[in-house]
Amino acid sequence: MLNHQDIWAALDNLALKFSMSTSAMARQAGLDPTTFNKSKRQSADGKPRWPSTESLAKVLNVLGVDFQDFAVLTAEITAKKFGQSMGVTIPLIDLSQAGGEGFFSLAGMPMGDGWDAVRVPGVNDEHIFALQISGDSMAPVLRHGDRVIVAPGETIRRGDRIVVKMRNGEILIKELQNINAKVADLGALSPDYPNRVVALKDVMWISRIVWVSQ
């Protein structure tokens, strides 16, 4: 979870990384030089004041830093403070490849070659994997380049977003609307595509999506 103090600490570390003061960093982004001063981090009544998303976006843009990298920097600070793990390196594969043979066990666990790897802060489950979305058939919920983190061991419930591997190799990313002993009703993530009803005898495995990186 993002913490007020850790966000500010990450901004301080970002300035240090680029060998400048927070005032110089703000100035370079076209902001008031006092934007990130320590005096601006609390309101007059002592309540925590967060940096605005606009000022943060301007700084990251001018420094050429992705928001994901900034989030990792913040997570590193939180992890060090509480002695937590920075997460594990998990398998990553493009959705367009995932339907091929040899990438999953019968239980939906990643296996074989052809996987890349990505580190996910705060995650310690070694059985999870990531799929990178190809195309915009699931927009606006999921777009090209987004990554979904999938946990094969998680219990699935109605309303969950899930990955379904069919026995014919087809990979579906849907919302689970209902499931019984025979069929699963799957909701499309895009209004341009129909919902699906699939027979469970044709399904190899179903796994829950636990996080989306956009």
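The values are calculated or read from the model by the stated rules, or taken from the named source; none is laboratory data. Remember, it's a predicted structure, so these values are computed and weren't measured experimentally. For neighbour counting, all protein chains shown are included, and Cβ atoms are generated from backbone atoms with ideal geometry for every residue, glycine included.
Just a few scattered comments:
- Residue match in segment 43-54 (condition: at pLDDT 75 or above, surrounded by 15 or more Cβ atoms within 10 Å (Cβ to Cβ), farther than 22 Å from ILE209 by Cα and basic (Lys, Arg)): no
- Whether a residue is within 30 Å of LEU73 (Cβ to Cβ), out of contact with any Gly (no Cβ under 6 Å at 6 or more places or on another chain), assigned to a strand (DSSP E or B) and not small (Gly, Ala, Ser) was assessed, and ILE209 passes this test.
- Within segment 124-146, residues that are among the basic types (Lys, Arg) sit with their Cβ atoms under 8 Å from residues that are modelled with pLDDT under 90, at 6+ positions apart or across chains, in these pairs: ARG143/ASP136; ARG143/GLN214.
- For segment 8-24, the candidate set comprises residues that are among the aliphatic types (A, V, I, L, M) and surrounded by fewer than 16 Cβ atoms within 10 Å (Cβ to Cβ); within that set, the residue that is nearest to VAL59 (Cα to Cα) is ALA24.
- No other residue among ASN180, ASN195 is more than 26 Å from the chain's Cα centre (by Cα), in the same structural domain as PHE103 (by TED's automatic domain parsing) and of a type outside the set (Gly, Ala, Ser) apart from ASN180.
- Residue check for GLU154: assigned by TED's automatic domain parsing to the domain that holds ALA199, part of a loop (DSSP other than H, G, I, E, B), surrounded by 15 or more Cβ atoms within 10 Å (Cβ to Cβ) and not small (Gly, Ala, Ser): yes
- Residue list for segment 86-102, filter: of a type outside the set (A, V, I, L, M) and under 17 Å from GLY153 (Cα atoms): PRO91
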